[in-house]
Amino acid sequence: MTGANWDISELRSAELKLARSTKSFSETFEHAAIGMALVSPDLRWLKVNKSLSYSLGYSESELLKMKATDITHPEDLTDSQLFKKKVFNGSNKNLHLQKRYFHKNGNIVHAIIGVTPVFDYDDKPSHAIVQFLDITSRIESQKKLEGLVEVTKSQNESLTNFAHIVSHNLRSHSTNMTMLTKFLNEEEDEDERKNLNRMITSATESLSETIAHLNDVVQVKTGALEKLQSISVLNTINQITKSINGILEEHSAILKIDVSKTHFVNAVPAYLESIFLNILTNALKYRSVERTPVIEIKSRTKKDKVLITFTDNGQGIDLNRHGDKIFGMYKTFHKHKDAKGIGLFITKNQIESMNGTINIESVVDKGTTMFIELNQG
């Protein structure tokens, strides 16, 4: 009887280690807090875990029918292809890339991708182990922080400008009233004293008006974002035009409205009415005496914004001379008895307090166009 024995202890030990390692990897893969996947060299999903499915909004069966590039943001596709070459060329063991994917609901998912290539016995790329860290909340928090920094910067600039305005205007009134009081104390002629008293009364009224204007500016800056509502642009315009219908008829003004009833904006109702009213009354106030006033109001969507334009054929403004002062406080550009230079200043502040923008195009004796952008409601 002839027999042979082979010691397979090492082989058995290796098999057990491999089984334990496979089980450990499988459990880690399935229950990992971050997304994990196996991806083929042509970037097809071979296996995905629950965390990855949750981050992207697709079920495992849905993901296994597509490539990673199918839901990659278009702007990141070039980087993805370059990254693929680096991963599977055999010289890189671990690589990281930040990229964007589209969630099933259409939202953008930001992620940091860690990739480890796996090669077969012939050193050919078999697949890659992908780790997917969802950093969307971090990116959104960063954007909010950057937005807050910009708001803070803007508010600081506004406060500085406001301080200069207060200092300049109140000092002017104070100086004027001090001089008038001094003249009154020194004046003996009764008629002249009465005249000085009238001037002091007028100066006091001007001071009260200035304080009221400054208070309006302060109110604009206080809590506007908390009062935002979804408001119909067309309904607001119709309300305003009804309120100034008498003025429109007095000047035989022609009003052309091309505003969609589907256009809504996030705004404070009182601010939006004030903005439209100020722009329309300015168009009538500074109309050309040589032609019938024509005012065109249009709206259109621009990504997540609504652009509203007001175009008139009035006197226009020389932007080469006054372009940097258009929205300044107490800046006037025409000789009109009712011009105070406060309307456009407050209008700009109201729009910016609602995260909007206002711009102007104007040609002397041709007319003016105001461009207002507000977030869609």
If we count every other residue with Cβ under 12 angstrom of I71's Cβ, Lys/Arg +1 and Asp/Glu -1, where does the sum land? +2
Determine the alpha carbon to alpha carbon distance for each of K285/K348; K67/K144; K143/K227 and list only those over 24 Å. K67/K144
Which percent, to the nearest 5, of DSSP beta bridges fully inside segment 242-328 are antiparallel? 60 percent
Using θ = phi - 60° and Karplus 6.51 cos²θ - 1.76 cosθ + 1.60, couplings along segment 119-131 (whole Hz; Gly, Pro as x): 10, 7, 5, 8, 6, 9, x, 8, 6, 9, 8, 10, 10
For K144 and S202, what does the FRET efficiency come to when R0 = 45 Å and r is the distance between their Cβ atoms, rounded to the nearest 0.05? 0.35
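All of the numbers you see were taken from the coordinates with simple rules; none came from a lab. Bear in mind that the values here come from a model prediction, so they are computed numbers and not experimental data. Cβ sites come from the backbone with ideal geometry, for glycine too, and all protein chains shown count toward neighbours.
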